[in-house]
1. Lysines within cross-link reach of Lys168: Cα-Cα under 28 Å, excluding same-chain residues under 8 positions apart?
2. Sum up the charges of everything whose Cβ sits under 11 Å from the Cβ of Val157, counting Lys and Arg as +1 and Asp and Glu as -1, but leave Val157 out.
3. Build a GNM of the chain with springs between Cα atoms under 10 Å: which of His56, His115, His189 gets the top mean-square fluctuation?
4. Below 8 Å, C-alpha to C-alpha, sequence gap of six or more: please give me the relative contact order for the chain in percent.
5. Given contacts defined as C-alpha pairs under 8 Å and at least six residues apart, what's the relative contact order of region 80-183, whole-number percent?
6. Tell me which GluC sites (Glu not before Pro) from region 225-314 have a DSSP coil assignment and no more than 10 other beta carbons within 10 Å of their own.
7. How high is the FRET efficiency between Val9 and Ser91 when r is their beta carbon distance and R₀ equals 22 Å, given to the nearest 0.05?
8. Return the single residue from Ile266, Ile21, Ile40 with maximal mean-square fluctuation; model: Gaussian network over the chain, springs between Cα atoms under 10 Å.
Amino acid sequence: MDGFRLFPVEAAAGAVKVDTIYFALIGLATVIVLLVTALIVVFSIRYRRSATAERHRLPKWFSREIEIGWTVATLFVFLFIFWWAGAQNLSALTPPRNPLRIHVVAKQWMWKVEHANGVREIDELHVPAGRVVLIDMNSQDVIHSFYVPAFRIKRDVVPGRTEEIWFKPTVPGQYKLLCAEFCGTEHSHMTGQVVVMTPQGFARWSARAPNATDLVQGGALLFRAYGCSGCHNEGGTVRAPDLHGVFGSPVPLSDGRTITADARYIRDSILFPLQDVAAGYKPVMPSFRNRVSDDELAQLVAYIKSLADEAPHD
Ligand code: CUA
């Protein structure tokens, strides 16, 4: 133990912002508590039962303008806090461009991590300092919550959905990863470590990782094994959208909406194919729910993403 500390270290770019808002709120609340307490004390002395104070008229210095003025001023103070915290929350939801993507599967009671090059780890997450890391997460069973106090980030991982969370670690070191949603008897043991390394150290670490299967390669094998290629490649008997160049682009849907083909859309299309059917195609794709595991889904998504770099076939 490195002594008692009231607050976890600030080890990510957003942590300082979150703490600033937190301390501003605490500061404001303290001022208000002191003010109200002082007024209570003053009034209970001045207007005690035996005192001969004026109780029926407002003091002379008081006016309607003062009343309106301080009401409006407090309103603006709180609107400002709302805007400040809201803006911070929105930026926490929108990852910057070109992040390092890492896939995490939460399950009772562990965190399974898969890096893009196929390196896997359990209850440990190695990341380089100074780089934006985007975690996309799935749960295999119940709701878990990915929580790293030192980064001031937390996001629930809900089964059947892909949740994203991002952070930019700044200080190399080891930080606690916790599950912040009660998820069963071993919930309190569902902990791990985020190991923030120097960029060079991280490069060395991920290069010497044992028997890494490339996510994209694995996905390409599954794409054939599950028969996706039968319809989605040219020459298939059933006409299905060509997936080259799809990832990251807008997809017009049969009901008139347009959706961006991100990891969540690809995943949803595999699990719930009738939900968002691409315009011009028949809703004939079978669901692969309960057939593909979360690990396999991550590989398929990585493979389809890799197709985006190739030109679309016509
Ligand atoms: Cu997972 Cu609590």
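1. Lys17, Lys107, Lys112, Lys154, Lys176, Lys305
2. Numbers: positive: Lys107, Lys154, Arg155, Arg161; negative: Asp136, Asp141, Asp156, Glu163, Glu164, Glu181, Asp294.
That sum, taken over residues with Cβ under 11 Å, equals -3.
3. Highest fluctuation of the listed residues: His56.
4. Numbers: 491 pairs, mean separation 47.1, N = 314.
Worked out over the chain, it gives 15 percent.
5. On the way: 200 pairs, mean separation 26.3, N = 104.
Computed value for region 80-183: 25 percent relative contact order.
6. Details: sites: Glu234, Glu296, Glu310; in loops: Glu234, Glu310.
In loop regions of region 225-314 (DSSP not H, G, I, E or B), the sparsely surrounded GluC sites (Glu not before Pro) are Glu234, Glu310.
7. Numbers: r = 21 Å, r/R0 = 0.97.
With a Förster radius of 22 Å, E is 0.55.
8. Taking springs between Cα atoms under 10 Å, the residue moving most is Ile40.
The values are calculated or read from the model by the stated rules, or taken from the named source; none is laboratory data. Not measured: the values here are computed from a predicted model. Every residue, glycine as well, gets a Cβ built from its backbone with ideal geometry; the counts of neighbours run over all protein chains shown. Please note that ligands, DNA and RNA were not included when accessible areas were found on the heavy atoms of the full protein model with its side chains. Shrake-Rupley method; radii C 1.70, N 1.55, O 1.52, S 1.80 Å.
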